[in-house]
Amino acid sequence: MAGTMNVGTVEAAGDGGSVANGAATMGRTAIPPKFYRIGEVVSYSGVSRQTIHNYTTMGLLHENCWSPGGHRLYEEDVFVRLAIIAKMKAANKTLRDIREHFARQDGLEGAGDRSPQSG
């Protein structure tokens with residue numbers, strides 16, 4: 001599973017609401033973290049649907065689950081990862097360099113060397 005956000009627990013002033021491990025609560029009902037369909041990621045990021053698909057296939061982005069209708073769902077951290085990718089590409093880093101960066105960040109040492117062209 002892709003990394004989950006751990007935001008701790010924050011008590012709202014007197015209303016009984018809190019946020020624990022990415023799930024907010026209002027009274028007794030847990031409000032799940034927001035997942036974004038690929039179209040929403042495209043709209044908010046300006047990155048094309050095909051590029052999101054390619055980055056997902058390469059392992060740079062991770063879909064967290066699928067909707068009952070078959071849509072890929074991404075957590076909010078997808079926008080941070082897209083910003084990192086854009087910054088690294090602007091610094092003339094290769095996709096291999098970017099993949100290795102995320103492999104280290106995600107604690108998957110050596111995962112960046114799985115592509116056929118890394119030989």
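Is it the case that segment 66-76 has a residue that's hydroxyl-bearing (Ser, Thr, Tyr), in contact with a helix residue (DSSP H, G or I) (Cβ under 6 Å, 6 or more places away or on another chain) and under 19 Å from Ile98 (Cβ atoms)? Taking every residue of segment 66-76 in turn, at least one turns out to be hydroxyl-bearing (Ser, Thr, Tyr), in contact with a helix residue (DSSP H, G or I) (Cβ under 6 Å, 6 or more places away or on another chain) and under 19 Å from Ile98 (Cβ atoms).
Of the residues examined, Ala90 is not one that is at pLDDT below 90 and aliphatic (A, V, I, L, M).
In segment 93-105, the residues that are at negative phi and in the same structural domain as Arg81 (by TED's automatic domain parsing) form Cβ pairs under 9 Å with partners that are in a helix (DSSP H, G or I) and loosely packed, with under 13 Cβ neighbours inside 10 Å, at six or more places apart or across chains, as follows: Lys93/Lys87; Arg96/Asp113; Arg96/Gln117; Arg96/Ser118; Arg99/Asp113; Glu100/Asp113; Ala103/Asp113.
The values are calculated or read from the model by the stated rules, or taken from the named source; none is laboratory data. Keep in mind the model is a prediction, meaning the values are calculated, not measured. Reconstructed Cβ throughout: ideal geometry from the backbone, glycine too, with neighbour counts over all protein chains shown.
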